[in-house]
Amino acid sequence: MATKQIWLNLPVKDVLKSRAFYEQLGFTFNPRHDENDNTAQCMLVGDSNFVVMLFPEDSIKHFSKSEINDTSTTSQFLISIDAESREDLDALTAKAAAAGGYIYSEPEEIQGWMYGSGFADLDGHRWNILYMDMSKIPS
């Protein structure tokens, strides 16, 4: 079997508020898969247009046949994205804070060749942003 694409289905409390949050960060949406109400939105991430579907929590409960974890006390996964530069990382971190997200990790140098930060979105899902300076990777 050949898999062509992977989609992340993200449970959110309010699909349209979540869309507005991610739009403020600069993410784009595919109108072909979007619903105009609060049932689903199709967010595209990165050059390869990785799909993140925003679904109401009840829909995810129905699809997965399980409860949604409480993101105020647990983290089931960490979504990592890259930045093109330190400045881009700083700008995205600031946008996340301005849009109502929680910065759980301020921008900092990591291992001498990475620069990273982290934010939680409106629903507490944690995102990790990394800029990797390939010229500084230890040999």
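The values are calculated or read from the model by the stated rules, or taken from the named source; none is laboratory data. For clarity, every value in this text was computed on a predicted model and none was experimentally measured. Backbone-built Cβ (ideal geometry, glycine too); neighbour counts: all protein chains shown. Side chains included, ligands, DNA and RNA excluded: accessible areas come from the protein's heavy atoms. Shrake-Rupley method; radii C 1.70, N 1.55, O 1.52, S 1.80 Å.
Here are a few things to note about the model shown:
- Subset of segment 89-110 [out of contact with any strand residue (DSSP E or B) (no Cβ under 7 Å at 6 or more places or on another chain) and either under 22 Å from Met134 (Cα atoms) or without any contact (Cβ under 8 Å) to a residue 24 or more places away in the chain (or both)]: Ala91, Ala94
- Test: residue in segment 43-66 that is among the β-branched types (Val, Ile, Thr) and free of Cβ contacts under 8 Å to residues at least 12 places away in the same chain: no
- Residue tally, condition under 13 Å from the mean Cα position of the chain (by Cα) and either free of Cβ contacts under 8 Å to residues at least 60 places away in the same chain or open to solvent by 30 Å² or more (accessible area, probe 1.4 Å) (or both), over segment 115-132: 11
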